[in-house]
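What follows is calculated from the coordinates using simple rules that are stated; it is not laboratory data. Remember, it's a predicted structure, so these values are computed and weren't measured experimentally.
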């Protein structure tokens, strides 16, 4: 089984790929946008879309994807997966959950708790 846990906000993403061999961590930073000018919102949207594409590419192929985040970026990322040629990742998305800025170990513990409940629920269906 391969799973991936992503903690994301509008500026950063922590990606934890979980396989039988262990956990591989990647970190990505978003593209900053100069807040001055009439086209700020359009540039901000384009920068966010580019960032989300980079995150999806870094995730690669996984059987289960769990997305955490403190703000709305986690929901925007889910929408990006559904609309921008990442349908397989969107199909393998098992949860989008709120989670504040935490340490890596706390993120992994939250993911263990989620998958424990998720797998127990799915095995009873």
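Worth pointing out:
- Segment 3-123 - percent relative contact order, Cα under 8 Å, separation 6 or more: 25 percent
- Pair-distance distribution of segment 3-123: all C-alpha pairs, bin width 5 Å, starting at 0; shares per bin in whole percent are 2, 11, 22, 24, 19, 11, 6, 3, 2, 1, 0.
- Descending semi-axes in Å of segment 55-106, equivalent ellipsoid built from Cα gyration tensor: 19, 13, 9
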